[in-house]
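Notes follow the structure.
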Amino acid sequence: MGIHVNSLKKYEFGEAQPSLDALRKIAVALHTSTDFLLFDEHERGPSDDLRL
């Protein structure tokens, strides 16, 4: 995925935060969206006010 294993370990243990480029690479490698990686399920998608 092009990210050093030590960086990934730091992300997993909350010792560092990935850059936007690293976050994109992780999402592509995992075949998921950055929203899935960043937000809890109840935080994803539009709020009820915006669902109109």
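The values are calculated or read from the model by the stated rules, or taken from the named source; none is laboratory data. Since we're looking at a predicted model, the values are computed, not measured. All Cβ positions, glycine included, derive from the backbone under ideal geometry; neighbour counts span all protein chains shown.
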Sort out which residues of the stretch 12-25 are within 10 Å of GLY2 (Cβ to Cβ) and not charged (D, E, K, R), and write them in order of number. ALA22
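One line per residue, one yes/no per condition, for (1) in contact (Cβ under 8 Å) with a residue 24 or more places away in the chain; (2) under 12 Å from the mean Cα position of the chain (by Cα); (3) at negative phi; (4) assigned to a loop (DSSP other than H, G, I, E, B):
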| position | (1), (2), (3), (4) |
| --- | --- |
| TYR11 | no, yes, yes, no |
| GLU15 | no, no, yes, yes |
| LYS25 | yes, yes, yes, no |
| HIS31 | no, yes, no, yes |
Boolean, ILE3 is β-branched (Val, Ile, Thr), modelled with pLDDT of 90 or more and assigned to a loop (DSSP other than H, G, I, E, B): yes
Can you pull out every residue in the stretch 9-52 that is loosely packed, with under 13 Cβ neighbours inside 10 Å and small (Gly, Ala, Ser)? GLY14, SER19, ALA29, SER33, GLY45, SER47
